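Structure record follows, encoded as structure tokens.
The values are calculated or read from the model by the stated rules, or taken from the named source; none is laboratory data. These numbers were taken from a predicted model, which means no experiment stands behind them. Virtual Cβ from ideal backbone geometry, glycine too; neighbours counted across all protein chains shown.
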Amino acid sequence: MLEPRTYADGEAVIREGDADHAAMRFYLIVKGTAVATQRAREGPGHAGGAAVAVGTMREGAYFGELALLRNAPRAATARQRFAEHFYRLELRVGHRPAQTLTGSSLDQTPAPL
């Protein structure tokens with residue numbers, strides 16, 4: 001189901017590590033910007049566990065596809081920044097991502113590149 005969504009400035013749209021039904025959602029930015037962050041790994045130059053910006057997404061960009069395609073927890077947190085409109089595509093429980101997105105009868109989702 002594709003539905004319009006709005007979020008408050010700074011609100012997390014997806015969260016790194018989420019692995020429940022939320023991982024079956026894919027997002028499109030219609031208007032505005034979102035910032036992706038990941039938890040820093042401990043080591044030189046990193047404050048262990050602090051959120052580090054890893055990308056900025058603008059109008060026309062999408063996110064959330066990795067968890068869908070890999071059937072894995074979220075790889076990053078995406079927070080709304082000046083994004084006025086998002087669309088969220090939610091897959092129904094029991095649908096396999098490869099079948100839902102491509103209509104194929106693949107036995108497994110693609111391996112990470």
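Residue under question is Arg79, and the condition is that it be in contact with a helix residue (DSSP H, G or I) (Cβ under 7 Å, 6 or more places away or on another chain), at pLDDT 90 or above and buried (at least 16 other Cβ atoms within 10 Å of the Cβ); does it hold? No; evaluated as a whole, the condition is false for this residue.
Count of the range 2-17 residues, restricted to those that are of a type in the set (Ser, Thr, Tyr) and either closer than 19 Å to Gly49 by Cα or part of a strand (DSSP E or B) (or both), is 0. Quick check on the range 49-59. Is at least one of its residues surrounded by fewer than 13 Cβ atoms within 10 Å (Cβ to Cβ), in a loop (DSSP other than H, G, I, E, B), of a type in the set (S, T, N, Q) and at pLDDT 85 or above? Scanning the range 49-59 turns up no residue that is surrounded by fewer than 13 Cβ atoms within 10 Å (Cβ to Cβ), in a loop (DSSP other than H, G, I, E, B), of a type in the set (S, T, N, Q) and at pLDDT 85 or above.
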